[in-house]
Amino acid sequence: MVYYLLYDLLLSVVFILYLPIVLYKMIFKGKYRVGLKERLGYLPKSLNYLQDEDVIWIHAVSVGETVAASSVVTEIKKRFPEHKILFSTVTDTGQEMAHKIIEEADEIIYFPLDFSWIIKRVLRLIKPELIVITETELWPNLIRYAKELGSKVMLVNGRISDDSAKKYKYLGPIMKDMLDNIDFLSMQSEQDVDYITDLGADKEKVINNGNTKFDQTYAEPDSEVEERIYDEFKIDSDQPVLVIGSTHPNEEEQLIPVYKELKAEFEDLVMILAPRHIKRADEIEGLYQEAGIDMVRRIEIEERNPKLESVILLNTIGELAQIYGIADLVFIGGSLIERGGHNILEPAAHGKLVFFGPHMFNFKESTSLVLEHEVGIQVSDAEELGEKILYYLRNEDELEAKSREALEMIENNKGASVRNAKLAEELIGVRNYESAK
């Protein structure tokens, strides 16, 4: 079709324009070297055995999507134990997390670039019976050629942000064709259902199955893990702990006066700060040093002096979800600035009252849910954040009640992963029903 040729041409132009930047980062910063061949469609020869196997290919972008997909992988593997699970991610951090928590995966690869010739090469090698795409990873050539080669395709945990809904409309006929080639579109919420149907999806194939992030086991409370973190981080269990997750530029600065205000009343307070991008560690450490605040990085935690360093910079991948377990209070970044917020269900799964700013437009359903159950506090700015946190630090009974309510909310909303696995059964048949019960 003409518009697929135009799509390939556009990808080629973007690739050529971006190539000097890629080469610069490869040569001088060491980026993109790992997984480059896989991105270009040259998979390791060790994967050739997949040609003779029944394969289910599950794809997630990065860390958050990988964690959310983990419970789906578990449920699918229960129903199809003889199938080989191929798991792919786009980012290096996603790869790290996948190797850490996707135990059911037989192989983990980097997602190939969506050029037609690259995608066809990979699909002919793998020959997946089913492709499971998570959230908003809608790649036209992957979906088109998968259907041509006889693969079933389903979207799980589908999420369409306001911004994505506007951008997808520019794809015109290619968007409609892509949606027609997907067998099931399992969305997180009714709003996502409305968005995807407005974009042209057949209502008969669109289902609201809820959010698989309620089901993820990686972030479940674990007393042994929490004890290890307390010990390793040199924190007493009776010290108040504030965990700041997924911050962006211009947020860490806003949190400095908040920290100072809390520290003035609660001298033994510990703040664990986790930036969205750990490469910003030097920048953040400099900001806090200028403010007269001693900070220690996670990778240097053994050298921490608890009497001096009460701010810990979490500059590692894959630990944040478990560190929420030792928090008394949690603030989620990307929300004091117009970034759209981040996952607020992870801390809620640990029974934590979660705070966030006014800009949560990428997580409207989750935001409405925690506000409805009164286990989330939305603030207008950093000043109000400090006031609200102080209130709950002073009122421990109310904070404990919120903890119980958060856990109850999570429990009542579980089941999306099971429902999505049942859709997979509809597409490729029940192979091991007894083990899936």
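Derivation of every value follows stated rules applied to the coordinates shown; laboratory data play no part. All figures in this text were calculated on a predicted structure; none of them were measured in a lab. Cβ atoms come from the backbone with ideal geometry, glycine included; neighbour counts cover every protein chain shown.
Structure values in brief
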quantity: In sequence order, calculated HN-Hα J values of the range 106-114 (Karplus, 6.51, -1.76, 1.60; Hz; x Gly/Pro); calculated: 7, 9, 10, 10, 7, 5, x, 4, 7
quantity: The chain: relative contact order in percent, alpha carbon pairs under 8 Å with at least 6 residues between; calculated: 15 percent
quantity: Relative contact order (%) - criterion: Cα under 8 Å, at least six apart; region: the range 223-412; calculated: 21 percent
quantity: Calculated FRET efficiency for the pair D162/V14, C-beta based, R₀ 25 Å, to 0.05; calculated: 0.55
quantity: Candidates E224, E104, E384: whichever shows maximal mean-square fluctuation once the chain is modelled as a Gaussian network with Cα springs under 10 Å; calculated: E224
quantity: Cα-Cα pairs of the range 7-146 separated by more than 28 Å (percent); calculated: 16 percent
quantity: GNM flexibility winner over the chain from V73, V55, V13 (Cα, springs under 10 Å); calculated: V13
quantity: Amide N proximity, the range 86-104 versus K25 label position 7 Å along Cα-to-Cβ, cut-off under 15 Å; calculated: 90-95
quantity: Net charge dipole size for the chain [Lys, Arg +1 and Asp, Glu -1 on Cβ; Debye, nearest 20]; calculated: 2460 debye
quantity: Stretchable slack from L6 to R39, in nm (0.36 nm times residue separation minus alpha-carbon distance); calculated: 9.8 nm
quantity: Size descriptor, Kirkwood hydrodynamic radius, that averages inverse alpha-carbon separations across the range 223-412, Å; calculated: 16.4 Å
quantity: Relative intensity, log₁₀ I(q)/I(0), of the chain from a Debye sum that treats every alpha carbon as a point, q = 0.07, 0.09, 0.11 Å⁻¹; calculated: -0.37, -0.61, -0.91
quantity: Residue order, fewest to most beta carbons within 10 Å, for I119, I58; calculated: I119, I58
quantity: Degrees between helix 416-428 axis and first principal axis of the chain (Cα, 0 to 90, nearest 10); calculated: 10 degrees
quantity: Partner lysines for K31 [C-alpha distance under 23 Å; skip if fewer than 8 residues away on the same chain]; calculated: K100, K279
quantity: Ascending count of other beta-carbon atoms within 10 Å, so fewest first, for W117, W57; calculated: W117, W57
quantity: For V2, V63, order by how many other beta-carbon atoms lie within 10 Å, fewest first; calculated: V2, V63
quantity: For the chain, calculated [θ]222 nm from helices alone, where every DSSP H run of n ≥ 4 adds -39500 (n - 2.57); calculated: -14000 deg cm²/dmol
